[in-house]
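Asks: Please find one structure pasted underneath; my questions will follow.
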Amino acid sequence: MTPSIRIAIDYGIALSHAPGVGRYARELVRALVRRADAPALRLLEVGRAPHVLPVTALGLDAARASGFDVRVTRVPLPRRVVGALGRIGWTTERWVGGADVVHQVLPYEPLPTRTALNTLTLAELPELGSANERVLRTTLSCTERVLVFSTSARDELTRRFDVDASWIDVVPVGADHWARETTATSERRSPPEVLVLGQASARRRPDAIVAACERVVAGGLELRLRFVGPKGEAGEALRARLERSPLAGRATIEPGVEAELPRLVAGAAVLVHLNDVEWTAVTPLEAFAVGVPVVVSRIPAFVEAIGDEAAYVDDDADLADAIAAAITTDSPTTRARRRELARAFTWDRNAAATVDVWTKMVSARESGPASS
């Protein structure tokens, strides 16, 4: 890629939000600044949200010291104000001093652009008929390329929004961020711990997980159950359920701290991750990166990424057996196999695929309509 290409990235959420899309934006930039083929980066931080991560987590100081062309522009205005200013000429290109591509990460509040090409990374879809769905349709109409993390995500996006699949790029998700923050020799906690990450919501079936763990304990296998994540709409019901459960005293609910998650996952006996729909296998892969077995829903994105290495549950009735088997059959061999699978999912590969998308887009524009 030629040095003249400038990529503006919506970067504020990388500083203000530790997991999810915040991690994605942060890890993408961390990987980009280590690549010889990376473009010039223009990182735009919009808003006044407080930073929740130390500067060292961003990986920018070493890049600057080595002469990498990366600049951060902070616009301490609400996003709605920046959006309004974009309609009178103060677009992203103007804020950052010029950009060939603007990489959007917030589909419902995209940065305003005028002449730059737009790329968008999507990790999930809004509810059918929702206001966010209408906003996303508008965002997609102004976007040249969409990046997703699985072929099932690409297929669902084409069906739902009636778009051409050739307009969507499938890029690998990264899962090496926790592995670099823990050790391969992390010991499992005793008694064996069943870990559940994420917001307590009905679609994650916390009640079924509690019932399954109760059956495992009734069958003679000791364990502890740990829910870590935001309270969610099912949080109070889950707390009440645990208070009357035989697991009372052996189960906890806690909000979790991002910096502690690598250690929490590495020391668990099994990660249980149920959901109705997900577009990326990043959570199971994070567990695999530290050797931990997973029990998951049979979601296409999971099957695509982790194949036969996970224990899939098609029915809640199978959950207790799957949890017990994951705990009792774990071994150094299976842990090594999981780590090996996860090693293919790195943020460097994600960055390389993303750079390739940007390069082709800019080259096509420069070549003119006949080559695009």
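Coordinate-derived values only; no laboratory data. Here the structure is a predicted model, which is why all the values come from computation and not from measurement. Methodologically, a virtual Cβ is constructed for each residue, glycine included, from the backbone with ideal geometry; neighbour enumeration extends over all protein chains shown.
Asks: Across all directions of projection, what mean area in square nanometres is found for the Cα convex hull of region 179-342?
Replies: Projected area, direction-averaged: 8.7 nm².
Asks: Pick out, from 293, 192, 279, the residue whose Cα sits farthest towards the positive end of the charge dipole of region 179-342, with +1 on the Cβ of Lys and Arg and -1 on the Cβ of Asp and Glu.
Replies: Final value for the positive-end residue is 192.
Asks: By the scheme Lys and Arg +1, Asp and Glu -1, what is the net charge of all other residues having a beta-carbon under 13 Å from that of residue 130?
Replies: Computed value for this residue: 0.
Asks: Can you sort 17, 273, 103 so the residue with the fewest Cβ neighbours within 10 Å comes first?
Replies: Ordered by Cβ neighbours within 10 Å, fewest first: 17, 273, 103.
Asks: With +1 on each Lys and Arg Cβ and -1 on each Asp and Glu Cβ, how big is the dipole of region 179-342 about its Cα centre, in debye rounded to the nearest 20?
Replies: It comes to approximately 420 debye.
Asks: Limiting things to C-alpha atoms, what are the Rg and the maximum Cα-Cα separation (Dmax) for the chain, in angstroms?
Replies: 21.8, 70
Asks: Could you please tell me the mean projected area of the C-alpha convex hull for region 1-148, averaged over all directions and given in square nanometres to one decimal?
Replies: The orientation-averaged projected area of the Cα hull of region 1-148 comes to 8.8 nm².
Asks: I would also like to ask the following. Just to be sure I understand: with springs between alpha-carbon atoms less than 10 Å apart, which residue in 47, 67, 232 has the highest mean-square fluctuation in the Gaussian network model of the chain?
Replies: 67
Asks: Near the amide H of residue 6, under 5 Å away, which other amide H atoms are found, from residues 5 or more places off or on another chain, if H is placed in the peptide plane?
Replies: Long-range HN contacts for residue 6: 100, 101.
Asks: Across region 80-95, in residue order, what do the Karplus-derived ³J(HN,Hα) couplings come to in whole Hz, using 6.51 cos²θ - 1.76 cosθ + 1.60 with θ = phi - 60° and x for Gly and Pro?
Replies: Karplus-based 3J(HN,Hα) across region 80-95 equals 5, 5, 4, x, 5, 5, x, 6, 10, x, 8, 8, 4, 4, 6, 4 Hz.
Asks: Looking at region 179-342, send over the antiparallel percent of its DSSP beta bridges, to the nearest 5.
Replies: 0 percent
Asks: Hey, rough spin-label estimate for residue 248 and residue 277, points 7 angstrom out along Cα→Cβ, what's it come to in nanometres?
Replies: 3.9 nm
Asks: Oh, and also: Give the angle, between 0 and 90 degrees and rounded to the nearest 10, that separates the Cα long axis of helix 151-161 from the longest principal axis of the Cα atoms of the chain.
Replies: It is inclined by approximately 60 degrees.
Asks: Residue 74's amide H: which non-local residues (gap 5+, or another chain) put their own amide H closer than 5 Å, with H modeled 1.01 Å from N in plane and none for Pro or chain starts?
Replies: 45
Asks: Run through region 1-99 and list the trypsin sites (Lys or Arg not before Pro) located in a DSSP loop whose Cβ has at most 11 other Cβ atoms within 10 Å.
Replies: Loop-located and lightly packed - 87.
Asks: Going by how many other Cβ atoms sit within 10 Å of their own, how do 164, 318 line up, fewest first?
Replies: 164, 318
Asks: Quick one: length gained pulling residue 80 to residue 259 fully straight, 0.36 nm per residue minus the C-alpha distance?
Replies: Computed gain between residue 80 and residue 259 is 61.3 nm.
Asks: Using 7 Å Cα-to-Cβ label points, what is the residue 364/residue 231 separation (nm, one decimal)?
Replies: 4.7 nm
Asks: By how many degrees, between 0 and 90 and to the nearest 10, does the Cα long axis of helix 332-342 differ from the longest principal axis of the chain?
Replies: In the chain, helix 332-342 runs at an angle near 20 degrees to the longest axis.
Asks: On full extension of the chain, what length is gained from residue 64 through residue 328, given 0.36 nm per residue of separation minus the C-alpha to C-alpha distance?
Replies: Here the segment from residue 64 to residue 328 would lengthen by 90.2 nm.
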